[in-house]
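A quick write-up on the structure given underneath.
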Number of protein chains: 2
Amino acid sequence: MDSKDYMKLVLDAASKGHSTWTNPKVGAVIVKNNQILAIGHHEKFGENHAEINALSKLSKLTDAKGATLYVTLEPCSHFGKTPPCVEKIVQAGIKKVVIGQIDPNPIVSGFGVDYLKEHNVNVEINDIYPKFNRSYNFFYKNNRPLITIKYAMTLDGKINHIRNNRSILTESAAYMDSQKLRSQNQAILIGENTFKIDDPELTVRLNNMKFSPIRLILIKDINQVDLSEKIFKVNSEIWFLSKTKPKKDFSKNVSIFVDDWTPNKILKLLTEHSIQSLLIEGGSSLQANFISSNLVDNFVVYIAPKIFGGQGLPAIFGEELSKIMNLKNLQVKNLKPDLKITAERDTNVHRNN
Amino acid sequence: MDSKDYMKLVLDAASKGHSTWTNPKVGAVIVKNNQILAIGHHEKFGENHAEINALSKLSKLTDAKGATLYVTLEPCSHFGKTPPCVEKIVQAGIKKVVIGQIDPNPIVSGFGVDYLKEHNVNVEINDIYPKFNRSYNFFYKNNRPLITIKYAMTLDGKINHIRNNRSILTESAAYMDSQKLRSQNQAILIGENTFKIDDPELTVRLNNMKFSPIRLILIKDINQVDLSEKIFKVNSEIWFLSKTKPKKDFSKNVSIFVDDWTPNKILKLLTEHSIQSLLIEGGSSLQANFISSNLVDNFVVYIAPKIFGGQGLPAIFGEELSKIMNLKNLQVKNLKPDLKITAERDTNVHRNN
């Protein structure tokens, strides 16, 4: 095995971290004399980092003396939820560290490498995981969460058969896929109509989910909220973005933020809370607002084998777009009987239409 | 080679007929002592049928004596554009005829087989081409043309960015595909708004097209038609379906049918003219009318990597559908950068939504 193989191995290890929440997924492997001594990954937010997990798996810590550490992300140099990894690496006598990517988080970016070099550790930096930890990387590059819009529509582009009534469009394969999509986002946003008409729980019904996405509801008047809505049945975090101040108390898992909310203000709030990814599930006019503010990065669209025709409610409706939004990388997955199309914002193309 | 191989061979031969117009595509092969003596197919409407083409390819006609004829469709027994094939088959001394499918056309259905049997020819009938000559078979089974609706839309289900302006959505691969789709239909229908706003030629820009689809335009008042529209630049057949009688003469390729047109009346007219397939290209409200009349069999939808959002014109708009239309067999083709989705009417499923 060569350096490239080890870098692939640590990426596989990193991918196993399903509960890292806002932390990046990280994998680490310790190699000496072409022998793999230990593999570790960051398992859960607030617990040991990948490097520490790898070191702890050694038969004895002195085995690390003179070894090479391969790690997907620059080791941290600060006291966060756990002590800095670079100190442990130096203490263990690691001779060389091969890093997949410099940490984009400004608190640590470059400082880990500096510390290692100052302590005579040989450092090699690659830049080989551009798509891994996508929302983590996006967040620190753009200083706002990565935004995905999701909707299910018929083959004629309608999301509801009769307005102000919920239509269930897709079947089980698409449903399971949309649950996975929720689990990959740190926050889910819906508007007032979707809240009232669909009455969703907005939870992730998958096993092994340690951290549920924060459920955000944009609402005019918090005091008009019906406490019998399904969303209150589940005890994970709910944030109401309300224009009015609450006159009563809500349960502990409910936070209320009062402002005259716009897409940009919502993103600022999320950024302040270090939320790196946002899934906007509806309704179509809320989604239109984010699109016309030029803030949407990804589309996930499920297409059901139906035609609603006539007066059915169209997808993305309401606010007029001054400019056409161009997409790229249309990808299709057959989730029989439905289809899933994904696409990304295309900032480079400007066609005239 | 066995009988199955020969039946596959004749189907391949049949598929070569690109100019059969309202005639079915037919292939024939003559076999004696496990030797293929001749292969033929119906090449062009009004010219020799496949069986006659195969017979004419023999070194000498007497070779056919005692041979077996494999043919995709029941040989004809009537004088149409050409004399009946069954007479020639009997005269040539063919001993056995293996038929892919009984002709669904009531003028010939079963009569060809009867004639052969009466003249001591051994007849074997298979039913192995359910999807071949689809519109021909559909027409004689349902006594109306097979109807396909085609539109191009954005990923948010819009067909126009600004209403009453044409948006070009798709690129060259989808354009070529839509030309092929036109060539596979015997008539193309558009409504008045599409006629005025898009100003299309409605022609097929492909090589080797001997028969162009008839161009149908549904219009309120034939006397308001602007003779400078592009459709008049090409000399193939145009039918105006007008509510009013014309006060002036049009060129020879223009026919005017006057009635208070409905989808059912349009189909009756086409059926009377033996038109077996109709492609409805727009606009969205004309398509909605045919869908709500429960007359649409196929959908071809091109999806462009764009979002029009806001006030863009939605696909299939206008008339309300009392019932959801269910589709089946969603198929996707990547026509980069666009997608093509095809679907068929599903008459068996009645889900509650």
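Between A:ASN253 and B:ASN294, how high is the FRET efficiency from 1/(1 + (r/R0)^6) when r is the Cβ-Cβ distance and R₀ = 51 Å? Nearest 0.05.
So, using R0 = 51 Å, E works out to roughly 0.55.
Which pairs break 29 Å Cα to Cα here: B:LYS243/B:LYS333; B:LYS44/B:LYS88; A:LYS81/A:LYS220; B:LYS158/B:LYS248; B:LYS141/B:LYS180; A:LYS81/A:LYS117?
Table pairs above 29 Å Cα-Cα are B:LYS243/B:LYS333; A:LYS81/A:LYS220; B:LYS158/B:LYS248.
How much accessible area per residue does the protein assembly as shown have, in Å², with a 1.4 Å probe?
Each residue of the protein assembly as shown exposes 46 Å² on average to a 1.4 Å probe.
Multiply the residue gap between A:LYS268 and A:MET176 by 0.36 nm, knock off their C-alpha separation, and tell me the result in nm, one decimal place.
30.0 nm
Could you give, in nm with one decimal, how far B:LYS220 is from each other copy of that position, shortest first, with labels 7 Å out from Cα toward Cβ?
Those label-point separations list as 3.8 nm.
With unit charges on the beta carbon (Lys/Arg positive, Asp/Glu negative), name the residue among A:PHE79, A:ASN34, A:ILE99 whose Cα is farthest towards the positive pole of the charge dipole of region A:26-138.
Working it through, the farthest residue towards the positive pole turns out to be A:ASN34.
Please find the FRET efficiency linking B:LYS32 to A:ILE36, where r is the Cβ-Cβ separation and R0 is fixed at 56 Å, and quote it to the nearest 0.05.
It comes to 0.20.
Report, in deg cm²/dmol and to the nearest 500, the calculated mean residue ellipticity at 222 nm for chain A, where each DSSP H run with n ≥ 4 adds -39500 (n - 2.57) and the sum is divided by the residue count.
-6500 deg cm²/dmol
Please state the shape class of region A:159-231: rounded when a/c is under 1.5, otherwise prolate if a/b exceeds b/c and oblate if not, all from the C-alpha gyration tensor.
Oblate.
Please work out the ratio of the alpha-carbon Rg of region A:258-351 to 2.2 N^0.38 Å and round it to two decimals.
1.23
Sort B:HIS119, A:HIS161, A:HIS18, A:HIS42 by heavy-atom solvent-accessible area, probe 1.4 angstrom, most to least.
Reading off the accessible areas and sorting them downward yields A:HIS18, B:HIS119, A:HIS161, A:HIS42.
In terms of the Cα gyration tensor, with a ≥ b ≥ c the square roots of its eigenvalues, is region A:161-312 rounded because a/c is under 1.5, prolate because a/b exceeds b/c, or oblate?
It comes out rounded by the Cα gyration axes.
What residue of chain A has the nearest C-beta to the axis that moves A onto B, and what is that distance in Å, given as a whole number?
A:GLY157, 1
In whole Å, what are the Cα extents of region B:1-150 along the three principal axes, biggest one first?
Reported extents, whole Å, longest axis first: 49, 29, 26.
Can you give me the % of accessible surface on region A:199-345 that is carbon or sulfur? Probe 1.4 Å, all protein chains present, nothing else counted.
The C+S portion of the solvent-accessible surface of region A:199-345 is 45 percent.
Please go through region B:23-102 and write out the trypsin sites (Lys or Arg not before Pro) that DSSP classes as loop and that have at most 15 other C-beta atoms within 10 Å.
Answer by residue number: B:LYS57, B:LYS60, B:LYS65, B:LYS81, B:LYS95.
Hey, for A:TRP21 with labels 7 Å out along Cα-Cβ, what do the inter-copy distances come to in nm, ordered shortest first?
The answer, with the shortest distance listed first, is 7.5 nm.
Hey, can you rank A:107-118, A:66-77, B:140-151 by average C-beta count inside 10 Å, highest first?
With the highest mean Cβ count within 10 Å placed first, the list reads A:66-77, B:140-151, A:107-118.
Eigenvalues of the Cα gyration tensor times 5, then square-rooted: what semi-axes does that give for the protein assembly as shown, in whole angstrom, largest first?
So the three semi-axes of the protein assembly as shown are 62, 36, 21 Å.
If R0 is 45 Å, what FRET efficiency do you get for A:ILE125 and B:ASN126 from their C-beta distance, rounded to 0.05?
Efficiency for this residue pair is about 0.10.
What are the label-to-label distances in nm, one decimal and shortest first, from A:SER236 to the same spot in the other copies, with labels 7 Å along Cα to Cβ?
Here A:SER236 shows inter-copy label distances of 5.6 nm.
5 Å is the cut-off here: which amide hydrogens, built 1.01 Å from N in the peptide plane, fall below it relative to B:LEU335, excluding neighbours closer than 5 in sequence?
Under 5 Å from the amide H of B:LEU335 lie the amide H atoms of B:LYS340, each far enough along the sequence or on another chain.
Work out the mean other chain Cβ neighbour count within 10 Å for the residues of B:334-345 and drop it here as an integer.
Mean number of neighbouring Cβ atoms from other chains: 3.
Considering chain A, what Rg and Dmax in Å follow from its alpha-carbon atoms?
23.1, 73
Could you give the length gained by full extension between B:LYS44 and B:MET1, i.e. 0.36 nm per residue of separation minus their alpha carbon distance, to one decimal place?
Full extension of this stretch gives 12.6 nm more.
The values are calculated or read from the model by the stated rules, or taken from the named source; none is laboratory data. Everything numeric here is computed off the predicted structure, so don't read it as measured data. Note that we place each Cβ from the backbone using ideal geometry, even for glycine, and neighbour counts take in every protein chain shown. All accessible areas refer to the heavy atoms of the entire protein, side chains included, with ligands and DNA or RNA removed. Shrake-Rupley method; radii C 1.70, N 1.55, O 1.52, S 1.80 Å.
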